[in-house]
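**Student:** The following block contains the structure, expressed as structure tokens.
The values are calculated or read from the model by the stated rules, or taken from the named source; none is laboratory data. As the structure is a computational prediction, the values presented were derived from the model and not from experiment. Here the Cβ positions follow ideal geometry from the backbone for every residue, glycine too, while neighbour counts run over all protein chains shown.
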Amino acid sequence: MGITKDDIAGIECIHANYFVNQHTRRDDLVLVKERVHLKDGRRISRMVPKINVKKAFYITREGYQTHHEKKEWEERNRVQRYESTQVLLADKVAMALGRTPGMGHLGMLNQSPYVYGTDIMPTVLVKHKYMKDYPEYNDARYDADNAVLDLETNTVFDHLHPDDKAMCLKYDDKIGEVQRRMDFMRMQLEEANKDKKGAKQAKRISEQLKLARDEIVSLQAERKPYEQPIISGSLTMKDKVFIAVTKRFADRIQGDAVSIVDGLFDLYLEKYKKERNIKLEIEVVDNDFGVTKALLDRAHAWRPDFILIWNMNFDIPKMIESCKRHNQDPAYVFSDPKIPPEYKYFKYKEGQLQKTKADGKTYSQHVADLWHSVIAPASFYFIDSMCLYKKLRVTEAQQPSYSLDAILGRHLNLSKLKFEEADAYKGLEWHQFMQTNYPAEYLIYNAFDCIAVELLDEDQTDIKKMRILLGHSDIIKFPSTPRRLADDLHFVCEEEENKVMGSTSNEMVAEVDHLLPSLQGWICTLPSHLIHKRGLNLIEEDPSIETGLSVAVSDLDVAAGYPNIGIITNASRETTILEFCRIQGKSEDVYRRAAINMTAAQTNAVEVCREVLSMPSMNTLLAEFTKEKGIEHPVNR
């Protein structure tokens, strides 16, 4: 019997994701994962496809097209409302602006100061509607259904399939050939450097050496899937544990692999099996792709809301490699079987280790600071638990390690599964020893990695915290606080202020921005060799040694000035009448210091008066004062 509207107490939107029709490129889909709360207390999860969701965008009416710079928002009565799907948005905006459709992408069209409301995604609008219609069911008070996935890969060359060994040796020959070429080029480079006229030749050889090094890196990356294929994987979800293992690895287990692993699970994980009422299922598959497909098939059947992976950037690329090795399209493996072929899609968006600041400088990020995304139409969304853990604790000091073992020890006084027989080994050697000598136990180790991540999330509730912080924004945008704030402001403008939000373009630069000082060089760190220690002398045995301890320490955190000062002063394009770009008769260094010092004007009053207003020094004022009053003072001597 189906569910009627009268049976429903509320509907919860777990997540909503956006996809384009891969055949027509003219239609799109918002796939919603719903949880229906029934009045009898039952909860039913389901996927709801919403085809061609329309959204509003706005163009300034002709009578008000009098400004040349983009605005943050505009009054509702000054704009004309249009509607479009996301996939056709660029064409519709172009037509509304009187331009030819298909002649420019959305970022370019948004350069017009008269375009509003194009930034908001249809997924955000859909989630917001759920939050308005059923507010008490969409505040993340209900726990999500989470599964955990983990893979293990081969670490012992002798265990490889003969075909994989042959491919590894083939790549070794190619790499060796490139290395021999490089040895010869190094000899040529040495000779060119000795020749006074060999500068051009040396430069050419150096460039060839760089290309050769890149070629080796590429060959090593191509070789890796053959040397380290997936041998097993586990998927757990509350009372369900599923282990998929390749036939080649299962054959290393003496006897019936399934019954032996089942018995060892009872032996090593009896406590968790009883507490969680676990039902174990083991499947032996043909190859590494079989592991990937079996895990995802089980995930599609269980339909969790999220699949957590600790350090996802190891597991997902391995799953992609397994698909490619066996000529399988990841879109048809990761997408839910019920999704029509035209909407099956897969993309792995890897977080970037190098990040660029607003001033153009780049810096490296810790692997736990990244945010990876798997984009595929399914009932679940992949989350990197390690990265989520770090994102939710940005205000805390960085941990010495973000390994699963370290974090389990910190919060649960727990560790990954250990075996006494392997205590003498660490790291890669431990995995090689276990895969060689204790293959059945190694599968139990694989399964417990998943159970441990479940235990950690149940204790720390990181997924719940993420959902609370997300609000109606997309999960892929979770690391971007500005994007989440912009999503919030969109609805504040439309529903509370009767305004429409501005749109961001691919070139958010005003004509006069070049007059402003450069964004670079505002924060300078004193080189460590110039820092003078002035700590207390506290060591009784040697009073001349200065320690790192001080009575008082002061600090000015310039970075904390943004966005706090902007919020306190209500600074924005709308509230700014004039923006100073220079101080007549003063250098840019004085301007920069004044800009910083004015944020604490009372504290820096003397310096501001001296540098900006050219007032006399304190000593000069004191000398004039004492001279005028006839007061004897050392300053007059």
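**Student:** Could you list, in sequence order, all residues of the range 15-46 that are of a type outside the set (Lys, Arg), touching a strand residue (DSSP E or B) at 6+ places or on another chain (Cβ under 7 Å) and farther than 16 Å from ILE375 by Cα?
**Tutor:** Hits for the range 15-46 are ASP27, GLU34, VAL36, HIS37, LEU38, ILE44, SER45.
**Student:** Grab the helices (runs of 4 or more DSSP H) fully contained in the range 370-466, keeping just those with 1 or more residues being of a type in the set (Lys, Arg).
**Tutor:** 385-391, 404-412
**Student:** I'd like to verify a number: residues in the range 210-238 that are within 26 Å of the chain's Cα centre (by Cα), aliphatic (A, V, I, L, M) and closer than 30 Å to GLU458 by Cα, how many?
**Tutor:** Number of matching residues: 3.
**Student:** Could you check LEU353 against (1) closer than 30 Å to ILE14 by Cβ; (2) surrounded by 12 or more Cβ atoms within 10 Å (Cβ to Cβ) and say which number it fails?
**Tutor:** Condition not satisfied by LEU353: (1).
Residues are listed down the side, and each one gets a yes or a no for (1) crowded, with 17+ Cβ neighbours inside 10 Å; (2) farther than 30 Å from LYS361 by Cα; (3) modelled with pLDDT of 95 or more:
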| position | (1), (2), (3) |
| --- | --- |
| GLY427 | no, yes, no |
| THR436 | no, yes, yes |
| ASN506 | no, no, no |
| ALA510 | no, no, no |
| ASP513 | no, no, no |
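**Student:** Then there is this: Among the candidates VAL258, VAL245, single out the residue that is modelled with pLDDT of 95 or more, out of contact with any helix residue (DSSP H, G or I) (no Cβ under 7 Å at 6 or more places or on another chain) and closer than 29 Å to GLU454 by Cβ.
**Tutor:** VAL258
**Student:** Residue check: is VAL36 surrounded by 15 or more Cβ atoms within 10 Å (Cβ to Cβ), within 30 Å of ASP145 (Cβ to Cβ) and outside the structural domain of TYR116 (by TED's automatic domain parsing)?
**Tutor:** So VAL36 passes the test.
**Student:** Take the residues in the range 315-350 that are polar (S, T, N, Q) and not in a helix (DSSP H, G or I); name whichever of them is surrounded by the fewest Cβ atoms within 10 Å (Cβ to Cβ).
**Tutor:** ASN327
**Student:** Residues to consider are PRO229, PRO162; find the one that is farther than 17 Å from ILE444 by Cα and in contact (Cβ under 8 Å) with a residue 40 or more places away in the chain.
**Tutor:** PRO229
**Student:** If a residue has to be closer than 20 Å to VAL93 by Cβ and among the charged types (D, E, K, R) to count, how many in the range 27-58 make the cut?
**Tutor:** 4
**Student:** Here is a follow-up. Can you name every one of the helices (runs of 4 or more DSSP H) wholly within the range 564-637 that holds 1 or more residues which are in the same structural domain as GLU74 (by TED's automatic domain parsing)?
**Tutor:** none
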